[in-house]
Amino acid sequence: MHYLDLSLSAPAENLAADEALWEAAEAGGVEVLRFWESTTPFVVVGYANRVAAEVYLAACRARGVPVLRRVTGGGTVVQGPGCLNYTLVLRIAGHAAAGSITRTNLWILNRHAATLTARLGIPVRRRGDTDLTVGERKFSGNAQRRGRQAILFHGTLLLDFDLTQVPLLLPRPSREPDYRAGRSHAEFLMNLNAPVSVVKAALREAWDAREPAPEWPAARTAELAASKYTRPEWNFRF
C-alpha cells in the first residue's frame, strides 16, 4: 500500500483527487491511502442526497460556504479545519473481505476501530453502517463507491473541528442510525481530540502504507474539478 499526504487548495480539487485516484486504480494503478485537510469550511452531500432536504442552503450562501457533491454514498457533512480526511483506494480482487458493500464496511471500519483503540487508549467502536464512535458519540462518518476493479472508501475524522457550525448549516439528516436515538447534532457529534500525526500514523499502520505514492493524477484531478465538482449541474443535481 502506498500513501499520499496531499491537501489541495480548493474543496472541489480535493474531491476530484479522490475520484481520480479511484479511476487510476480501476485502470490497474496502485492501491493508495491518502490524507487531506481543508483550510476552508464547505458542505459535501452524498451522491444521492437531495440538497434541499439535507442542507440549510440559505445559511450556507449567507456564510459563503460552498455546497459540493461527492461520488460516494452516505450522508451530508460539514468539512473544514480540524477535520482529517482519509481516502482508501483498494483493488477488489486482492481482498476477500471486499466482496460486497456490507462486508467492506465491516472489514475497513473494524480495522480502523481496533487500530485507533490501540494507539489512543480509548474504546473506539463501529456503530450503524458506517460510523466510528467513542461511547455513543460519533466522530467519523464514511462512505464508498465500487467499480469493476477497485473501491473508493473514504471518511472524515473530527479531531478539533468547530462543531457549532454543523447545526447552523445542516438540519437533522433524513436518515439516521438507530443508535442516534433522536439526539441533536450537538448531543451526537464529538471531536476525537487526538493529534493529527498520531491518527495518520495509526491508519498508515493499519494498512501497512509505508511507501510514498510514486505519482498522483494531477491532470485528471484538474479536469474533474473543472468539469464536475465546480458545476451546479453536478452539485445540485438532486
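Here are a few things to note about the model shown:
- Subset tally (residues that are of a type in the set (S, T, N, Q), in a helix (DSSP H, G or I) and open to solvent by 10 Å² or more (accessible area, probe 1.4 Å)) for region 88-115: 4
- First in region 53-75 and within 15 Å of Gly141 (Cβ to Cβ), second anywhere and modelled with pLDDT under 95 and outside any loop (DSSP other than H, G, I, E, B), Cβ under 9 Å, 6 or more apart: Gly73/Ile101
- Considering region 68-97, and only residues there that are of a type in the set (A, V, I, L, M, F, W, C) and more than 17 Å from Gly155 (Cα to Cα), the residue that is modelled with the highest pLDDT turns out to be Ile92.
- Of all the numbered requirements in (1) under 26 Å from Ala194 (Cβ atoms); (2) modelled with pLDDT of 95 or more; (3) open to solvent by 30 Å² or more (accessible area, probe 1.4 Å), Arg63 misses one, and that requirement is (1).
- Checked against the criteria, Glu31 counts as touching a residue at least 24 places away in the same chain (Cβ under 8 Å) and surrounded by 19 or more Cβ atoms within 10 Å (Cβ to Cβ).
- Criterion violated by Arg148 - all others in (1) among the basic types (Lys, Arg); (2) over 30 Å from Val134 (Cα atoms); (3) in a helix (DSSP H, G or I) satisfied: (3)
- Test: residue in region 14-23 that is under 26 Å from Asn193 (Cα atoms), among the charged types (D, E, K, R), surrounded by 15 or more Cβ atoms within 10 Å (Cβ to Cβ) and touching a residue at least 40 places away in the same chain (Cβ under 8 Å): yes
- Verdict on Pro217 being open to solvent by 50 Å² or more (accessible area, probe 1.4 Å) and either modelled with pLDDT of 95 or more or hydrophobic (A, V, I, L, M, F, W, C) (or both): no
- Exactly one residue out of Asp178, Asp129, Asp162 is among the acidic types (Asp, Glu) and either in contact with a strand residue (DSSP E or B) (Cβ under 8 Å, 6 or more places away or on another chain) or within 28 Å of Leu8 (Cβ to Cβ) (or both): that is Asp162.
- Restricting Gly128, Gly147, Gly74 to those that are open to solvent by 20 Å² or more (accessible area, probe 1.4 Å) and within 18 Å of Asn49 (Cα to Cα) reduces the list to Gly74.
- Qualifying positions in region 192-214 - surrounded by fewer than 17 Cβ atoms within 10 Å (Cβ to Cβ), in contact with a strand residue (DSSP E or B) (Cβ under 8 Å, 6 or more places away or on another chain) and either at pLDDT 95 or above or within 23 Å of Glu26 (Cβ to Cβ) (or both): Val196, Glu211, Pro212, Pro214
The values are calculated or read from the model by the stated rules, or taken from the named source; none is laboratory data. Source: prediction; values computed, not measured. Cβ: placed from backbone, ideal geometry, glycine included. Neighbour counts: every protein chain shown. Surface areas here come from the heavy atoms of the whole protein model, side chains and all, with no ligands, DNA or RNA. Shrake-Rupley method; radii C 1.70, N 1.55, O 1.52, S 1.80 Å.
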